[in-house]
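Worksheet: one structure, shown below.
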Amino acid sequence: MAAKKLKADLIHKAKVKKAYYKLLEKEGAPEPSNAEEEEQKEEKEEQELGRFAPEVPEHDLLERVSKKDERPRAAPKPKASTKKKLPYFYTPPKQEKSKQDAPKRTREEALAERDERRKLWNKKSPSQQGRARGQPDLGARMQVMLDKIQRSS
């Protein structure tokens, strides 16, 4: 996909150059020394382009080149800050209630919750074959891990 876009861009640039040199010829400015080589390349590019054809018709290229020459150049903008840009998929964590706002729990409550998590973690498989082999209940273990993640965030 990138190669197709690159090829289409190169063909488009060659056509713009061709239109620009034609414009210079009309004004009477001398052509560059390698004009013959460029003409040979352009003849090859004039063949059927198919899906690589630019979206803009050729007559619009002349207008673009002439408008491009007339536009004033803008001064470069100074960098406002030196912050790193974050990737598009990153979302900063939300500012939730601080841990100080969370209700305090007693030592006994914490130990009771811990025992419940251990029981879930060591729970045997619900299937008869899994119990016979001594397999753990992975669904229960997953729930323990998810609860731990929720508590930490």
Quick check on segment 61-81. Is at least one of its residues in the same structural domain as Ile11 (by TED's automatic domain parsing), modelled with pLDDT of 65 or more and either under 34 Å from the mean Cα position of the chain (by Cα) or in a loop (DSSP other than H, G, I, E, B) (or both)? yes
Select from segment 114-132 the residues that are assigned to a loop (DSSP other than H, G, I, E, B) and more than 24 Å from Ile149 (Cα to Cα) and list them in ascending order. Pro126, Ser127
Hits in segment 99-109 (condition: in a helix (DSSP H, G or I) and surrounded by 10 or more Cβ atoms within 10 Å (Cβ to Cβ)): Glu109
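The values are calculated or read from the model by the stated rules, or taken from the named source; none is laboratory data. Predicted model only: the values in this text are computed from it and were never measured. Every residue, glycine as well, gets a Cβ built from its backbone with ideal geometry; the counts of neighbours run over all protein chains shown.
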